[in-house]
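Below is one structure, written out as structure tokens; comments come after it.
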Amino acid sequence: MTLARVTTVVLLASHGWWFVQEKVLLGLPMLGLAGTIAVSVAGRQLRATGSASPAATPTGSVVWLLTTGYAGLVGLLVSFLAGYPLTWSTALLAGSVVGAGALLTARVVATRGADIAGAADGSPATADDDARAEPTPAPPAYRGPAVSRRRFVSLAGGAVVVGMGGAGVGLVFRPGESVVAGGGPPDPSRSRSAVSVADLRGAAEPAPGGARRRYDLRARTATVRLPSGQEVEAWTYDGQVPGPSITATEGDLIEVTLHNVDIPDGVTLHWHGYDVPCGEDGAPGVTQHVVAPGETFRYRFRADQVGTYWYHTHQASHRGVRKGLYGALVVTPREAWPVAGAAPAAQLDLTLPVHTFDGTVVLADRDGRAEHAVPAGTPVRLRLINTDSDPHRVALAGTPFRVAAVDGRDLHQPGEVSRVGLHLAAGGRYDLVFVMPDAPMALVLDDDPNGGVRLRPDGTGGGDDPAGTDISGWPELDLLRYGTPAVIPFDADRADRHFTIVLDRGVAMVDGRPAYAQTVNGRGHPSVPDQLVAEGDVVRFTVVNRSLETHPWHLHGHSVLVLSRDGKPSSGSPLWVDTFDVRPGQVWEVAFKATNPGIWMNHCHNLPHAHQGMMLRLRYDGVTTPFGDSHGKRSGHRH
């Protein structure tokens, strides 16, 4: 087993130091030390004992053999409960547990040995018994010093107190920075005039030629009846799920007034993937106060990003989004898509948010398969939005297509593909474009032939059903190899700041309470240090997933350029995303230019993971917030 562990560590080390640190520095040395002593002590003693009675086994042999097992077990527990990075308190606690186990074993074995030795005295035998009994060799005397109860309690109790005390101090008062600079200037903000996020608001007027688009959204509880007849007790915007689609044309001014009618946890609007000014971002406790029942908040920003986005609450979003507080945001270019001058009526443009209510998958507003009649030759765009916390697999059966955009950003010269599956990350979006064929075709979601969307060219519903195609064996399209390379606007190899984000599970403080948390660099929100940047910096992230779960990583206020995955550089179109799935064991490198001042949440978009601690902030030099404590991290801000 030890050889197997060593082999595993060697294999993991090829993926990076993050995966083996605690194993190399603590687990294997602790196991190796105990094992070496066990072999040298127990091996010699057991060879000398030979086939004698087990009662002759020396105490030292038993204690060291079992202590080796304790060391191996504790090393595994450190990996699962503490993870990365290894701290002195974790090492102290681990050593104390192994030591206490060794002392307890010594105490039990010593007591048992004394009992066996005492039993060997027996009771006085009679003369007849002596005459009938055959001579029996006396059991060998117990060998090894006894450990008194008082001494054992003192030693074991001391070891546990020291270990638990050290671990407790390390957990609650663990020293560390409140801000990390990623290799840049440590914190020059003290010498600069501060800017509040409350002053970083959107434009007051549309761009020349743009219009003012006003929306009123009322967040309230409602019973929603799905097309199948199933009723859902939901939290809604305007009593419907999804909420009303917010649409605009490039250059328009979007104004949305949010009213909280009766959502008890409070509510906000976060514009997922849209790089709004920070004061419009909808992060309670950082960019605004939560909108409580009976309160109102107005958001305002210019529609200067074309593409497919979505909005959702950022207050208790692990519950609010799941219950229905989400909707689509689509901004179209001023020049008609996809053919300049083409009439919108000659195109089909479907926005399809995917959401799961208690196991029922809803696509747009339907919980069954949707059907549309589309004349052959019609340009079609399907805008897929994953509003769930888990990924979805999608495929188009019956037609070749192009992935025109990912997370709202156009790809460069995407090629036509067919018979491939697409992995849609939580929070992510794909725009799929194709020309309607002269036979039925289908969007298949999660290999389910009874859901998705079926398009037919003649309105009759005839022909083979492409939704019944077995797509389970179709390969997954690798977007890092898709499209054509193009010039990027910065040199990521000369980044001004470089941050490493190691995602794991472990015991950490989350909102002031110890928990088995989803951790970032061994900590849980709000104890994870802020990442400090300055406007104009080129910032690089290394995101490492040590855990056994997928983590869709999402930075507010910026799109990031994917540089590599598992050391293999991106070779297709520049891939700009705001959410990317870091699967178990993967290492992603991404970069962006810091051009949107503010304090921005940076978190896992599996929303229960964010709620369990996997969240931190990226803070621009000189930007402050009046909405939380001195660090903008009041306990009321829960993702």
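At-a-glance table
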item	result
Unique match (being within 19 Å of residue 607 (Cα to Cα) and in contact (Cβ under 8 Å) with a residue 40 or more places away in the chain) among 273, 279	273
Among (1) closer than 30 Å to residue 90 by Cβ; (2) surrounded by fewer than 21 Cβ atoms within 10 Å (Cβ to Cβ), the one test that residue 508 misses	(2)
Strands (runs of 3 or more DSSP E) within the stretch 189-289 that include 2 or more residues surrounded by 16 or more Cβ atoms within 10 Å (Cβ to Cβ) and of a type in the set (A, V, I, L, M)	212-225, 231-237, 243-249, 253-260
Residue match in the stretch 331-339 (condition: in contact with a Leu (Cβ under 8 Å, 6 or more places away or on another chain) and either without any contact (Cβ under 8 Å) to a residue 40 or more places away in the chain or crowded, with 24+ Cβ neighbours inside 10 Å (or both))	no
Yes/no for residue 281 being modelled with pLDDT of 95 or more, among the acidic types (Asp, Glu), closer than 21 Å to residue 383 by Cα and within 25 Å of the chain's Cα centre (by Cα)	no
Residue in the stretch 567-574 that is charged (D, E, K, R) and over 23 Å from residue 16 (Cα atoms) present	no
Any hit, the stretch 71-89, residues being among the polar types (S, T, N, Q) and at pLDDT 90 or above	yes
Residue list for the stretch 86-115, filter: under 26 Å from residue 528 (Cα atoms) and in contact with a helix residue (DSSP H, G or I) (Cβ under 6 Å, 6 or more places away or on another chain)	86, 87, 89, 90, 91, 92, 93, 94
Some residue of the stretch 371-388 being crowded, with 22+ Cβ neighbours inside 10 Å and small (Gly, Ala, Ser)	no
Scope the stretch 290-314; condition over 20 Å from residue 200 (Cβ atoms) and buried (at least 24 other Cβ atoms within 10 Å of the Cβ); matching residues	308, 310, 312, 313
For residue 86: the one exception among (1) among the hydrophobic types (A, V, I, L, M, F, W, C); (2) in contact (Cβ under 8 Å) with a residue 12 or more places away in the chain; (3) assigned to a helix (DSSP H, G or I)	(3)
Pick from the stretch 414-446, criterion closer than 20 Å to residue 468 by Cα and among the acidic types (Asp, Glu), ranking: farthest from the chain's Cα centre (by Cα)	438
Any hit, the stretch 566-579, residues being at positive phi and of a type in the set (D, E, K, R)	yes
The stretch 492-510 residues that are without any contact (Cβ under 8 Å) to a residue 40 or more places away in the chain, paired with ones that are buried (at least 18 other Cβ atoms within 10 Å of the Cβ) (beta carbon under 8 Å, 6 or more apart)	none
Near pairs, Cβ below 6 angstrom, 6+ apart or cross-chain, from the stretch 406-435 (over 14 Å from residue 395 (Cα atoms)) to any residue that is among the hydrophobic types (A, V, I, L, M, F, W, C) and part of a loop (DSSP other than H, G, I, E, B)	412/486
The listed residue being closer than 19 Å to residue 525 by Cα, at pLDDT 55 or above and touching an Asp or Glu at 6+ places or on another chain (Cβ under 8 Å), out of 207, 181	181
Count of residues meeting criterion [assigned to a helix (DSSP H, G or I), among the hydroxyl-bearing types (Ser, Thr, Tyr) and more than 13 Å from residue 36 (Cα to Cα)] in the stretch 57-81	3
Matching option when the condition is under 25 Å from residue 388 (Cβ atoms), in contact (Cβ under 8 Å) with a residue 24 or more places away in the chain and of a type outside the set (Phe, Trp, Tyr), among 287, 257	287
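Every residue, every condition in (1) in the same structural domain as residue 75 (by TED's automatic domain parsing); (2) under 29 Å from residue 490 (Cβ atoms); (3) part of a loop (DSSP other than H, G, I, E, B), yes or no:
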residue	(1), (2), (3)
549	no, no, yes
554	no, yes, no
557	no, yes, yes
574	no, yes, yes
584	no, no, yes
602	no, yes, no
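Results for (1) at pLDDT below 95; (2) aliphatic (A, V, I, L, M); (3) closer than 25 Å to residue 523 by Cβ; (4) surrounded by fewer than 22 Cβ atoms within 10 Å (Cβ to Cβ), shown as yes or no for each residue.
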position: 564; (1), (2), (3), (4): no, no, no, yes
position: 569; (1), (2), (3), (4): no, no, no, yes
position: 575; (1), (2), (3), (4): no, yes, no, no
position: 578; (1), (2), (3), (4): no, no, yes, no
position: 586; (1), (2), (3), (4): no, no, yes, yes
position: 593; (1), (2), (3), (4): no, no, no, yes
position: 635; (1), (2), (3), (4): yes, no, yes, yes
position: 639; (1), (2), (3), (4): yes, no, yes, no
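The values are calculated or read from the model by the stated rules, or taken from the named source; none is laboratory data. Computed from a predicted model, the values in this text were never measured in an experiment. All Cβ positions, glycine included, derive from the backbone under ideal geometry; neighbour counts span all protein chains shown.
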